[in-house]
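The values are calculated or read from the model by the stated rules, or taken from the named source; none is laboratory data. Only a predicted model underlies this, so the values are computations on that prediction, with no experimental measurement involved. Every residue, glycine as well, gets a Cβ built from its backbone with ideal geometry; the counts of neighbours run over all protein chains shown. Only protein heavy atoms, including side chains, enter the accessible area calculation; ligands, DNA and RNA are left aside. Shrake-Rupley method; radii C 1.70, N 1.55, O 1.52, S 1.80 Å.
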Amino acid sequence: MTTALQQQLVKSRNRDGMNEAERQQDDPSQIWQKADARVLGQILAAQNIAFALPDTTRIAEFYAQTLISIPGIAACRVCLGGRSVQAGEMESSFCADCETLRRSSWEDHTPLQIDSILRCNLGAQPDVRVVAIDSHRYRFGFFVIKIEQAMFGNVYQPFISNVSNHLALMLENRWQKDMLQRAHDELERKVEERTHDLTAANKELTASRLAALDLMEKALGAQQIAEQASTDLQREITERQRVEAALLESEAKYRAVVENSLAGVYIIQDDLLRFVNRRWCEIFGYTYEEAVDKLNPIDLSVMEDRRTIADNLKKRLSGEAHYIEYDLRAIRKDGEVITVKILGSAMTYKGRPAVSGTMIDITERKQAEEALHQANETLRAMLDTVPVGIFDLDTEGRVRRIWNPAAERLLGWRRDEVLGQFLPAVPEGGLDEFTVFREWVRSGKSIAGKDLVHRRKDGPIIEYSLYAAPEYDADGNVVGNIAAIVDVTERKLAERALKESEVFLNTLLNAIPIPVFYKDTNGRYLGFNTSFEAFFDATREQLIGKTVFEIYPPELARVYYAKDNELFVSGGTQRYESQITNVRGEAHDVIFNKAVFADNQGVINGLIGTILDITERKRAEQVLSEKNQFILSLLRAIPVAVFYKDREGRYQGCNDTFTRITGVTAEEILGKRVGDLWPSELADRYHHADLELMKNRGHQEYEFQVKAKSGQMLPVLFAKDVYLDKDGEVAGLVGAFLDITERKRAEEEILKLNLQLEERIRERTAQLEAANQELEAFAYSVSHDLRAPLRHIDGFLGLLQISGAAVLDERTRHYMASISEATQRMGALIDDLLSFSRMGRKEFSQMTVDLNDLTQEVIREIEPDAQGRVLHWHVADLPVVSGDLAMLRIVLVNLISNAVKFTRACEHTEIEIGCLPGPGIETVVFVRDNGVGFDMAYADKLFGVFQRLHRLDDFEGTGIGLANVRRIIHRHGGRTWAEGQVGHGATFYFSLP
């Protein structure tokens, strides 16, 4: 099982192959920076102190006290070797399986294989974490931790896992050293015992042989002595056989010990292996037959170590060194390179010099030592870089070995200034308190987070927190303590800044014009701004601590609750539209913008959100959608091709009529320019017209051509205009074109007809001019010829009235008066007709005419005829026009005198003379009165010759005046018309170009 520390070491070897993001993620500094610096210093100190602890019991007690001081840990039990030590209250009992196994077979320093049956079942409990104390192959025990804060798993558990790996490597190193020493001692004992037995047996055998020879010499002298010698010899042979059997038994025992040894045993003679035991074969992967008398031990080492092994063999064989111990990198049969420790000495094998020895596979130990070295280097680097001052003191308070750079920065004294000296950080007047701390540490207890104040070397006062733990020697005696100090000056400043920040944030929140709120992870409101209160028309007391289920309808509350949980799971930000109801039951469409907030360990503590009321925007969007739908429907319905472009000249769309005419769809046209769709002779004209339109920002109309889908060039009428963005800048243009093929064809026909008509008009005009001349001559002749008889009738009638006045009765006089009036009317009629006739022949004299002056002149001329009447004149500012002064005077005389005449029955006469803007450059002048008016059904007769709408008895006149007005205005190129209502007056208009 690869430990967390080993994984860290493997990653550190491969950092060159990582990218920057992976390197930052893998860098240990990126982890411990998230932790509390004080806790980190305590953990670092614990890893250094553990090396000095003498036995398992001391180690377990120390780590139990260390772990319980970490934030988030309520209680801790350390099960290590044959010991279990607990700190704090823990409801769970000792694990039954672990307790049974521990009591039955688990010794203090004896490890178990990781795949053994030993497990801790307490880890299944929800508030308990179990961290195994594992090395690469062995298990030494467990840290059983009761958790009370979730931040433990996110920040400190990786450090505790690293502590467990570090402790396991240290214990495994101790155990392997013990095991190696035991194996070596056992082997030395067995060799010494075997040598002693062989020496004794050899002495006995020599003595027996000497005795036998002596007896044989004596047997030559006497039979009796021979027989006795034979008997003694037989006895000696039997004893020798017994000794040899014992020797063989001893040798078998020795071989059994060698074969079952935990260390590999070998004998080298003449550069060949002459004996190897079973463990040697396991280490190198060879069988006994493959190794003995066949393998040169030098060939089993890596090339770099072969000279070393050759020199060591030579030294032992030459007697230069009887006993040599060294490490060797060897090559197994399968090619794997391993590290072994060699313990060898010179010997005599089968009567010749040889080298024997033992070896232990220390590959894993080397790996562990390398890992331990890397861990120590990491710890050293962390000591150098951690922002916590760390140092160690003896029992008297003198600095021993450790005084890291952070301690130098915090306290101001260099390391060379404080080593062997009393701690200079003791505040003045605080010696008694320091003595209490020192005695506390001497008793084996720790100090966690004692806040103190002291003066730096350069004078300034700083505040710091002190953490300390006892340090033990090999016998378990307290020899000093490891201490860590954390500068809390900035923390104090930060606390004050935090308070100021809270005031500022509350002010800022209340200044935000939209509702802002924040909740905890249970969905309860923690706070909000005044806009939130106003929006919901509720007070803080009504909402603080409440959930959405206590405020909103159930169907909305479930939606809000689900959205909040979704954000807590995913993290980051969230935006969505919804509907909310305030306490008055008013529904609002809103947009929620929410984001989670976390503590400095990255643990999510809640969310903060804003509410944007979009009710009015929704209504506006609905109206806009309806308008857009109307526009789309209109574009589809109108029979005119419509298109629109952006400011870069790229088409953004078109309607169905455009597609029907050109064959290009809205999808095909999107994003294209004129050069992408149309022939160059068309595209160039379109492009220049578009540029001119966007430059001048005016409406544009022109006739040109488009290419129909049939390929035919169609004449069209273009109409285009620009549209602006919110800043008033040109955003693009909208254009339309109308197929005018039929109109062009009709215009050609009309042109032909106009040419024919103009010819006919010229002919007809000539005829009419001749007829008019004849008619005018006739009218003039008639008028002139009728005037003489009328004068005769009127003259003779006057003489008759004078001469017959005495004899004529009343009736006759009445008849004669009627004849005289008729004669006068006939004369006036002939005068008007003559004037009307002359008007057609009168030469037109163009000049500038001020209608203000002319109107006032006519009014002064007419007013004497209205003596005794109340006339109210309303004359506006009239324009200066171009025309014939005499003719325009006749127009005003006729219209104004008519107004005076037809208001004769009014008690208060109102006459208004003004002007109106006409179409184009036309000027419209009107004369309005409040007189008898007329029926609009007969309006078309007003301007006819001899046309009257009132009785002659009511209003005098010949019916020529308005006809004269129309003829004069017609000669000026203008128009005449009238509006009126019986009993409500009339208005007469004329226009001048």
What are the residues in the stretch 376-423 that are farther than 23 Å from THR435 by Cα, outside any helix (DSSP H, G or I) and open to solvent by 20 Å² or more (accessible area, probe 1.4 Å), if any?
PRO387, ARG414
Take the residues of the stretch 486-510 that are touching a helix residue (DSSP H, G or I) at 6+ places or on another chain (Cβ under 6 Å) and in the same structural domain as GLU408 (by the TED database): which is surrounded by the most Cβ atoms within 10 Å (Cβ to Cβ)?
VAL486
Filter result for the condition that a residue is open to solvent by less than 80 Å² (accessible area, probe 1.4 Å), small (Gly, Ala, Ser) and at pLDDT 85 or above, over GLY931, GLY957, GLY983:
GLY931
Picked from the stretch 915-928 (must be of a type in the set (A, V, I, L, M, F, W, C) and buried (at least 19 other Cβ atoms within 10 Å of the Cβ)), the residue farthest from the chain's Cα centre (by Cα) is VAL927
Do the conditions hold for LEU833, that is, is it touching a helix residue (DSSP H, G or I) at 6+ places or on another chain (Cβ under 6 Å), at pLDDT below 85, open to solvent by 60 Å² or more (accessible area, probe 1.4 Å) and not β-branched (Val, Ile, Thr)?
no
Single unsatisfied condition, ALA511 versus (1) at pLDDT 80 or above; (2) of a type in the set (Gly, Ala, Ser); (3) at positive phi:
(3)
Any idea which of (1) over 28 Å from ASP185 (Cβ atoms); (2) part of a loop (DSSP other than H, G, I, E, B) is the one ALA321 doesn't satisfy?
(1)
Of these, THR812, THR823, THR848, THR855, which one is outside the structural domain of VAL965 (by the TED database) and modelled with pLDDT of 75 or more?
THR812
Here are some conditions: (1) modelled with pLDDT of 75 or more; (2) more than 47 Å from the chain's Cα centre (by Cα); (3) exposed (fewer than 14 other Cβ atoms within 10 Å of the Cβ). PRO460 meets all but one. Which one does it not meet?
(2)
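Please tell me if ILE59 is under 30 Å from ASP361 (Cα atoms), crowded, with 23+ Cβ neighbours inside 10 Å and modelled with pLDDT of 70 or more.
Working: under 30 Å from ASP361 (Cα atoms): yes; crowded, with 23+ Cβ neighbours inside 10 Å: yes; modelled with pLDDT of 70 or more: yes.
Criteria met by ILE59.
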Just need a number here: residues in the stretch 624-638 that are in a helix (DSSP H, G or I) and open to solvent by less than 100 Å² (accessible area, probe 1.4 Å).
10
In the stretch 728-740, which residues are open to solvent by 30 Å² or more (accessible area, probe 1.4 Å) and not in a strand (DSSP E or B)?
GLU729
Scanning the stretch 694-715 residue by residue, those under 21 Å from THR657 (Cβ atoms) and outside any loop (DSSP other than H, G, I, E, B) turn out to be GLN700, GLU701, TYR702, GLU703, PHE704, GLN705, VAL706, LYS707, MET713, LEU714, PRO715
Residues that are out of contact with any Phe, Trp or Tyr (no Cβ under 7 Å at 6 or more places or on another chain), farther than 30 Å from GLN622 by Cα and in the same structural domain as GLY609 (by the TED database): which helices (runs of 4 or more DSSP H) entirely in the stretch 511-592 hold 2 or more of them?
540-543, 554-570
Whether any residue in the stretch 76-88 is closer than 20 Å to LEU169 by Cα, in a loop (DSSP other than H, G, I, E, B) and modelled with pLDDT under 60 is what I want to check.
no
Just a yes or no: is a residue in the stretch 646-659 touching a residue at least 60 places away in the same chain (Cβ under 8 Å), in a helix (DSSP H, G or I) and in the same structural domain as GLY735 (by the TED database)?
no
Check off (1) within 23 Å of ASP293 (Cα to Cα); (2) open to solvent by 20 Å² or more (accessible area, probe 1.4 Å); (3) in a helix (DSSP H, G or I) for ALA346 and give me the number that stays unchecked.
(3)
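Taking ASP305, is it in contact with a Lys or Arg (Cβ under 7 Å, 6 or more places away or on another chain) and open to solvent by 70 Å² or more (accessible area, probe 1.4 Å)?
no
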When the stretch 535-559 is checked residue by residue, the ones that are surrounded by 17 or more Cβ atoms within 10 Å (Cβ to Cβ) and touching a helix residue (DSSP H, G or I) at 6+ places or on another chain (Cβ under 6 Å) are VAL548
ILE309 vs. criteria in the same structural domain as VAL355 (by the TED database), in contact with a helix residue (DSSP H, G or I) (Cβ under 8 Å, 6 or more places away or on another chain) and within 14 Å of ILE360 (Cα to Cα)
no
It is to be established whether one or more residues within the stretch 624-640 are modelled with pLDDT of 85 or more, in contact with a strand residue (DSSP E or B) (Cβ under 7 Å, 6 or more places away or on another chain) and not charged (D, E, K, R).
yes
Identify all residues within the stretch 313-325 that are without any contact (Cβ under 8 Å) to a residue 40 or more places away in the chain and either closer than 20 Å to ASN277 by Cβ or under 60 Å from the mean Cα position of the chain (by Cα) (or both); write none if there are none.
ARG316, TYR323, ILE324, GLU325
So for the stretch 490-509 (the condition being part of a loop (DSSP other than H, G, I, E, B) and small (Gly, Ala, Ser)), does at least one residue qualify?
no
